[in-house]
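J.: Right, I'll just put the structure down here and ask away after.
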Amino acid sequence: MSHPLTAQVVLITGASAGIGAALAEVLADRVPGIRLVLAARNEAKLDTVAAHCRQAGADVLNVVTDLEQPEQAIALAEKALQHFGQVDILVNNAGYGQMGPLELVPISQCQRQFAVNLLGPLALTQALIPQMRDRGGGRIINVSSLGGRLAFPIGGLYSASKFALESLSDSLRMELEPFNIKVSVVEPGPVSTEFISVAGTEAKHAIPNPEATPYYPAIQKLAALEQQTSANAWTSEQVAHVIIKAMTARKPRPRYVAATGGDFLLFMMRRVLPTWMVDKFWQRFYGIDRIAKEWKEKQMG
């Protein structure tokens, strides 16, 4: 009996590492005849993932792409269609987290956050919808985050970009339903990837002298977040399997939570606990309570 994804063309962005690489490799290892379009900025890492997938029997097209540039997203779609003639499933996975207090993050970094996490995926989606419609259907899976449902301090820009991706996904789901194009969102929680270390690096680039700001106690705590969340962190492969569920379900859900206790967390934070209590929780988790203490001491003397 053939696999439901056999011979389908799956385009995965952010495929050089983390969730995207894991998804590509799981598909190559488990789906006979899978055809993959793999996109990312890092050519060397992308080649390594592609080599694994080809060795497993997949037909692979690599396209080095920077989704910060919409024209590159459109070119990616064109190359995929020229090579395979179709794209059955688009997985918008590429993204990063711009961390830092909103007061301090330069507007240029704000623009880059939305360019990569929202406008790049939108440009790529727009470029692929017509051929999906003409072929009678397809699937679009947008990888968001629990941060796309819950906003938290020091990560306001990342959450804003993922909130936007979620609302875009909801609109697309309704608009594309008449054409049998199904749209789902996958929401990982903590994942054992380079995300937090990259986020820390991005924060340093955006705020070169954090110790000179009143937010320094919270910025310092960013380094400890990986250790705080490691006990509940999923592997990239675990998230990949959730994405595959969205790919293969006859009636895919609008949202898939990919986090231990994620559904419970969302229920408590969005429906049960009062806003002030949720605020206090996140302030403590991200070190805002330390800011309040140090600022009060400074004001007093």
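Bear in mind that the values in this text are calculations on the coordinates, not laboratory data. Just so it is clear, the structure is predicted and the values come from calculations on it, not from any experiment. Cβ atoms come from the backbone with ideal geometry, glycine included; neighbour counts cover every protein chain shown.
J.: Within region 1-112, which helices (runs of 4 or more DSSP H) (wholly inside it) include 2 or more residues that are among the hydroxyl-bearing types (Ser, Thr, Tyr) and closer than 18 Å to residue 132 by Cβ?
T.: Result: empty, no element qualifies.
J.: Next up: Quick test of your reading of the structure: residue 250 fulfils all but one of (1) in a helix (DSSP H, G or I); (2) over 21 Å from residue 20 (Cα atoms). Name the failing condition by number.
T.: Looking at each condition in turn, residue 250 falls short on (1).
J.: In addition: Quick one: in region 173-184, of everything that is farther than 11 Å from residue 137 by Cβ and out of contact with any helix residue (DSSP H, G or I) (no Cβ under 7 Å at 6 or more places or on another chain), which residue is surrounded by the most Cβ atoms within 10 Å (Cβ to Cβ)?
T.: 173
J.: Every residue in region 145-156 that is crowded, with 23+ Cβ neighbours inside 10 Å and free of Cβ contacts under 8 Å to residues at least 60 places away in the same chain, please. If you could, list the steps in order and put the result at the bottom.
T.: Narrowing region 145-156 to residues crowded, with 23+ Cβ neighbours inside 10 Å: 145, 148, 154-155.
Within region 145-156, 145, 148 meet the criteria.
J.: Restricted to region 155-188, and to residues that are outside any helix (DSSP H, G or I) and aliphatic (A, V, I, L, M), which residue is farthest from residue 145 (Cα to Cα)?
T.: The selected residue is 181.
J.: Moving on. Is it the case, given these coordinates, that residue 108 is without any contact (Cβ under 8 Å) to a residue 12 or more places away in the chain and of a type in the set (S, T, N, Q)?
T.: Numbers: without any contact (Cβ under 8 Å) to a residue 12 or more places away in the chain: yes; of a type in the set (S, T, N, Q): yes.
In short, yes.
J.: Same structure again: Just one of the numbered conditions (1) surrounded by 14 or more Cβ atoms within 10 Å (Cβ to Cβ); (2) out of contact with any strand residue (DSSP E or B) (no Cβ under 6 Å at 6 or more places or on another chain); (3) over 18 Å from residue 101 (Cβ atoms) is not true of residue 252; which one?
T.: (2)
J.: Right, here's the next one. Of everything in region 255-268 that's of a type outside the set (Ser, Thr, Tyr) and not in a helix (DSSP H, G or I), which residue is surrounded by the fewest Cβ atoms within 10 Å (Cβ to Cβ)? Show your work before the answer.
T.: Applying the first criterion (of a type outside the set (Ser, Thr, Tyr)) to region 255-268 yields 255, 257-259, 261-268.
Now narrow it down to the ones that are not in a helix (DSSP H, G or I): 255, 257-259, 261.
Details: 255: 18, 257: 20, 258: 24, 259: 22, 261: 11.
Selected residue: 261.
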